[in-house]
Amino acid sequence: MVDPRVEKLAKVLIHYSLAVKKGEWVIIQGAYLAEDLMRAACIEVLSAGAHPTIHADIAGSHHLMFHRGNDEQIAFISPARKLEFKKADKFLFIMGGWNSKEMTGIDPKRMALAQSARKELMDVMMKRTAAGEVAWCGTLYPTHSSAQDGEMSLMDYEDFVFKGGMVDKKDPVAEWKKISLRQAELAKRLSRLNIIRVVGKDTDIKFRVAGRKWVNCDGRANFPDGEIFTCPLEDSVEGHIRYTFPAVYGGREVENVRLVFKKGRVVEATADKGAELLDAMLAADPGARRVGELAFGTNQAIKVFTKNTLFDEKIGGTMHVALGASLPEAGGKNKSAIHWDMVCDTRKGFTVYGNGKPIQKDGKFLKF
């Protein structure tokens with residue numbers, strides 16, 4: 001028997017997040033473990049009169065490519081995949097697999113190679129998204145692997161996932177519309193600021209954001225959602241930041257990351273664990289050393305760190321500073337094959353300043 005919350009989630013994803021219309025080509029991608037959600041989403045796509053295409057990954061397929069493939073094979077992007085990114089109208093990416101740690105033994109340089117090869121697809125997606133030609137949404141289906149990462153039972157993790165997406169509410173869409181209105185007002189106030197400065201434990205970092213748009217993330221591109229982001233001017237970032245949470249990439253954790261910026265570029269990067277992966281990602285291309293995103297997490301239903309960025313970057317009272325590709329809808333211009341969200345818990349001992357005045361203290365926004 002399918003959990004009724006899964007069917008409810010599918011309705012929200014297809015009709016609210018993606019707003020699928022008749023005749024559109026919709027790509028649904030996920031692991032076989034997410035079969036119930038993929039099937040429910042397919043039903044909703046068909047009910048909208050659209051055309052679904054399903055890609056279901058098998059266990060270990062990604063690890064197999066990195067373990068057995070040569071560089072040419074790892075970097076290969078199929079013509080069919082390129083066509084989808086150029087022509088499909090909507091994409092639903094469903095996370096949640098068998099083993100989030102399967103890439104632990106893979107050479108970070110091979111992971112960086114694969115990410116660099118995908119830059120072509122990322123550029124196409126960002127360009128089409130900025131032009132309003134395509135919409136995408138990333139979500140997660142709760143599995144034992146993700147529950148273990150979050151140190152929960154599967155039952156508790158399911159409750160955590162569905163609560164974070166307001167799927168436990170009678171009318172989730174109505175709840176997200178309320179959130180959208182609140183965040184729109186906050187984004188409007190943030191847009192008046194020219195300089196953002198974040199000060200906390202081993203952190204003092206400054207960003208220029210004049211002329212850049214603050215984007216209200218209200219359950220459209222990510223689900224669950226709950227953040228407001230912008231893209232700082234590419235050469236403006238100065239100072240240092242120590243991330244209080246591990247930075248997670250491809251299931252691998254990089255702990256106690258400390259970055260130093262000068263004229264917008266990372267000039268020093270250290271970590272207590274996973275430094276090799278951090279160095280490899282920073283060397284992926286010139287844009288990997290610049291900030292692609294500055295954001296505040298606003299989802300008060302998500303309170304704990306679970307080693308899944310989809311949820312962790314939304315934790316109410318946190319912020320994240322992402323390395324790599326900017327997001328065109330915010331006016332960003334940085335190009336990179338990576339976009340690595342690193343989350344900092346600013347709920348205790350941190351103050352955020354806007355134009356020199358406090359706008360957030362201990363994760364709570366002040367009147368400004």
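The values are calculated or read from the model by the stated rules, or taken from the named source; none is laboratory data. This structure is a prediction, so every number in the text was calculated from the model and none was measured. Note: ideal-geometry Cβ built from the backbone for every residue, glycine included; neighbour counts use all protein chains shown. When the accessible area is computed, the model is the full protein with side chains, heavy atoms only, and any ligands, DNA or RNA have been set aside. Shrake-Rupley method; radii C 1.70, N 1.55, O 1.52, S 1.80 Å.
Across segment 47-76, the qualifying residues are those that are surrounded by 14 or more Cβ atoms within 10 Å (Cβ to Cβ) and of a type in the set (A, V, I, L, M), and the one among them that is nearest to E120 (Cα to Cα) is A75. Being within 16 Å of K367 (Cβ to Cβ) and buried (at least 16 other Cβ atoms within 10 Å of the Cβ) is the filter here, so list the residues in segment 190-208 that pass it. Scanning segment 190-208 gives L190, L193.
Look at D345 and say whether it is within 14 Å of the chain's Cα centre (by Cα) and of a type in the set (D, E, K, R). Against the criterion (within 14 Å of the chain's Cα centre (by Cα) and of a type in the set (D, E, K, R)), D345 does not qualify. Restricted to segment 256-339, the set of strands (runs of 3 or more DSSP E) holding at least 2 residues that are in contact (Cβ under 8 Å) with a residue 40 or more places away in the chain and over 15 Å from the mean Cα position of the chain (by Cα) comprises 258-262. Restricting attention to segment 115-140, the residues being open to solvent by 40 Å² or more (accessible area, probe 1.4 Å), more than 16 Å from A88 (Cα to Cα) and outside any helix (DSSP H, G or I) number 1. Are there any pairs with C-beta distances below 6 angstrom linking a residue in segment 227-251 that is open to solvent by 40 Å² or more (accessible area, probe 1.4 Å) to a residue that is outside any strand (DSSP E or B), with the two at least 6 apart or on different chains, and if so which? Here the result reads D235/K263; D235/G264; R242/D202; T244/D345; G250/M103; G250/M111, each pair linking segment 227-251 to a residue that is outside any strand (DSSP E or B). For E276, indicate whether it is of a type in the set (D, E, K, R), touching a helix residue (DSSP H, G or I) at 6+ places or on another chain (Cβ under 6 Å) and either farther than 26 Å from K333 by Cα or open to solvent by 20 Å² or more (accessible area, probe 1.4 Å) (or both). So E276 fits the description; yes.
A count restricted to segment 252-269 and to residues that are open to solvent by less than 60 Å² (accessible area, probe 1.4 Å) and closer than 20 Å to D345 by Cα stands at 10. Would you call A112 closer than 30 Å to N334 by Cβ and surrounded by 15 or more Cβ atoms within 10 Å (Cβ to Cβ)? In short, yes.
Before we move on, is K170 free of Cβ contacts under 8 Å to residues at least 40 places away in the same chain, part of a loop (DSSP other than H, G, I, E, B) and surrounded by fewer than 15 Cβ atoms within 10 Å (Cβ to Cβ)? Criteria met by K170.
Within the set of pairs 6 or more residues apart or between chains, which connect a residue that is more than 15 Å from D107 (Cα to Cα) and free of Cβ contacts under 8 Å to residues at least 60 places away in the same chain inside segment 63-84 to a residue that is open to solvent by less than 40 Å² (accessible area, probe 1.4 Å) and assigned to a helix (DSSP H, G or I) with Cβ atoms less than 8 Å apart? Once the first residue is more than 15 Å from D107 (Cα to Cα) and free of Cβ contacts under 8 Å to residues at least 60 places away in the same chain and sits in segment 63-84, its partners that are open to solvent by less than 40 Å² (accessible area, probe 1.4 Å) and assigned to a helix (DSSP H, G or I) give F76/A117; I77/A117; I77/L121; R81/L121; K82/L121; K82/V124.
The criterion of being assigned to a helix (DSSP H, G or I), more than 23 Å from T129 (Cα to Cα) and open to solvent by 60 Å² or more (accessible area, probe 1.4 Å) holds for L33. Restricting segment 82-109 to residues that are open to solvent by 40 Å² or more (accessible area, probe 1.4 Å) and assigned to a helix (DSSP H, G or I), the residue that is nearest to F311 (Cα to Cα) is K109.
Touching a residue at least 12 places away in the same chain (Cβ under 8 Å) and more than 30 Å from P172 (Cβ to Cβ): does that describe D218? It is false that D218 is touching a residue at least 12 places away in the same chain (Cβ under 8 Å) and more than 30 Å from P172 (Cβ to Cβ).
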